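Asker: Dumping the structure here so I can ask a few things about it.
The values are calculated or read from the model by the stated rules, or taken from the named source; none is laboratory data. Note that this is a predicted model, so its numbers are computed, not measured. Methodologically, a virtual Cβ is constructed for each residue, glycine included, from the backbone with ideal geometry; neighbour enumeration extends over all protein chains shown. Remember, those area values only see protein heavy atoms, side chains included, never the ligands or the DNA or RNA. Shrake-Rupley method; radii C 1.70, N 1.55, O 1.52, S 1.80 Å.
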Amino acid sequence: MTGATEGIELLIRAARPTNAYEETMQRLLQSIRLGMIGPGERLPAERDLATMLKVSRDTVREALATLAEAGYVVSRRGRYGGTFVAERIPHDAALGSAGAAPGAAEVEDVTTLRRVLEVGAAREAAGRELTAEERAALARALDECSGSAVGDHRRLDSRLHLLIAELSGSPSLVPLVANLRTRVNALLEEIPVLQPNIAHSNDQHEAIVAAILAGRPAAAAEAMLEHVEGSSALLRGFLSPDAAAGLP
């Protein structure tokens with residue numbers, strides 16, 4: 001399986017520690033969906049992937065488990081076992097009703113807008129003197145999102161982000177973020193709903209809210225940026241692997 005290992009090296013780079021899981025997912029999805037590791041071929045061993053990506057084996061294991069749940073890879077035991085790319089790649093999981101996934105340009109445009117609007121909103125919210133009612137509302141929105149069922153998560157996720165925009169103190173920002181969230185959700189609808197992704201999102205939400213409540217603008221902005229980049233890494237992996245890999 002030397003060819004498979006050489007191929008995956010074309011796309012795998014060290015993941016940033018703050019988004020290790022999401023970027024590990026992105027690199028593996030790119031390699032699989034671009035055919036660098038073909039259907040039925042074996043992926044490098046977990047320890048080799050961890051070394052290549054400079055992440056822990058637990059991160060690699062979690063990413064591979066998620067890919068297995070989504071139908072991209074299968075695990076086999078025994079002397080010739082390991083993790084293999086599925087014979088039939090579930091391309092349809094990332095396709096919309098029109099039969100084509102959103103383009104890389106849409107993913108990148110939405111990501112840039114999120115960096116400007118949502119990172120800025122988090123920074124401004126953390127810099128304000130919030131009332132007791134506002135603080136309670138933010139804590140409640142976080143709890144509802146974190147404790148939501150899968151079917152309700154996207155709605156409550158959007159509610160939390162809109163509340164952060166509202167707490168920025170700029171009424172004009174709220175409709176802009178509302179329109180942006182509509183586009184974000186349309187992209188998220190095109191990829192599988194996977195529990196590890198939700199868990200990572202919830203952890204990032206907690207960091208954002210904690211920084212806002214503590215009145216730490218720089219930390220709130222950094223936490224929101226990490227959240228935005230993590231989501232974008234997954235979207236690139238599922239929807240626009242060519243662009244994410246820097247290929248024409």
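Asker: Sort out which residues of region 62-93 are polar (S, T, N, Q) and more than 16 Å from the chain's Cα centre (by Cα), and write them in order of number.
Answerer: S75, T83
Asker: Same structure, new question: Collect the residues in region 175-186 that are surrounded by 15 or more Cβ atoms within 10 Å (Cβ to Cβ) and under 26 Å from G127 (Cβ atoms), keeping them in residue-number order.
Answerer: Across region 175-186, the qualifying residues are L176, V177, L180, R181, V184.
Asker: When you go through (1) assigned to a helix (DSSP H, G or I); (2) surrounded by 17 or more Cβ atoms within 10 Å (Cβ to Cβ); (3) under 16 Å from the mean Cα position of the chain (by Cα) one by one for A199, which number turns out not to apply?
Answerer: Just one mismatch for A199, condition (2).
Asker: Continuing with the same structure: From E206, E144, E124, E189, grab the single residue that is touching a Ser or Thr at 6+ places or on another chain (Cβ under 6 Å), open to solvent by 50 Å² or more (accessible area, probe 1.4 Å) and either without any contact (Cβ under 8 Å) to a residue 12 or more places away in the chain or not hydrophobic (A, V, I, L, M, F, W, C) (or both). Let's see the steps before the verdict.
Answerer: On the way: E206 fails: touching a Ser or Thr at 6+ places or on another chain (Cβ under 6 Å); E144 fails: touching a Ser or Thr at 6+ places or on another chain (Cβ under 6 Å); E189 fails: touching a Ser or Thr at 6+ places or on another chain (Cβ under 6 Å).
Being touching a Ser or Thr at 6+ places or on another chain (Cβ under 6 Å), open to solvent by 50 Å² or more (accessible area, probe 1.4 Å) and either without any contact (Cβ under 8 Å) to a residue 12 or more places away in the chain or not hydrophobic (A, V, I, L, M, F, W, C) (or both) holds for just one of E206, E144, E124, E189, which is E124.
Asker: With the requirement that a residue be within 16 Å of A63 (Cα to Cα) and either out of contact with any Asp or Glu (no Cβ under 8 Å at 6 or more places or on another chain) or at pLDDT below 90 (or both), what does region 198-231 give you?
Answerer: I198, A199, listed by residue number.
Asker: When you check T131 against the structure, is it β-branched (V, I, T), assigned by the TED database to the domain that holds L187, under 18 Å from E222 (Cβ atoms) and free of Cβ contacts under 8 Å to residues at least 60 places away in the same chain, yes or no?
Answerer: no
Asker: Could I ask something else about it? Identify, please: which residue in region 37-63 is without any contact (Cβ under 8 Å) to a residue 24 or more places away in the chain and basic (K, R) and is, among those, nearest to V74 (Cα to Cα)?
Answerer: Result: R61.
Asker: Additional query: Restricting to region 29-59, name every residue that is buried (at least 16 other Cβ atoms within 10 Å of the Cβ), closer than 25 Å to A207 by Cβ and at pLDDT 90 or above.
Answerer: Matches in region 29-59: A50, V55, T59.
Asker: Taking into account only those residues within region 211-227 that are part of a helix (DSSP H, G or I) and more than 20 Å from the chain's Cα centre (by Cα), which is surrounded by the fewest Cβ atoms within 10 Å (Cβ to Cβ)? Give the steps one after another, and end with the answer.
Answerer: Just the residues of region 211-227 that are part of a helix (DSSP H, G or I), to begin with: 211-213, 217-227.
Filter once more, so that each one left must be more than 20 Å from the chain's Cα centre (by Cα): 211-213, 217-218.
Values: A211: 22, I212: 30, L213: 17, P217: 17, A218: 11.
Filtering region 211-227 for residues that are part of a helix (DSSP H, G or I) and more than 20 Å from the chain's Cα centre (by Cα), the one surrounded by the fewest Cβ atoms within 10 Å (Cβ to Cβ) comes out as A218.
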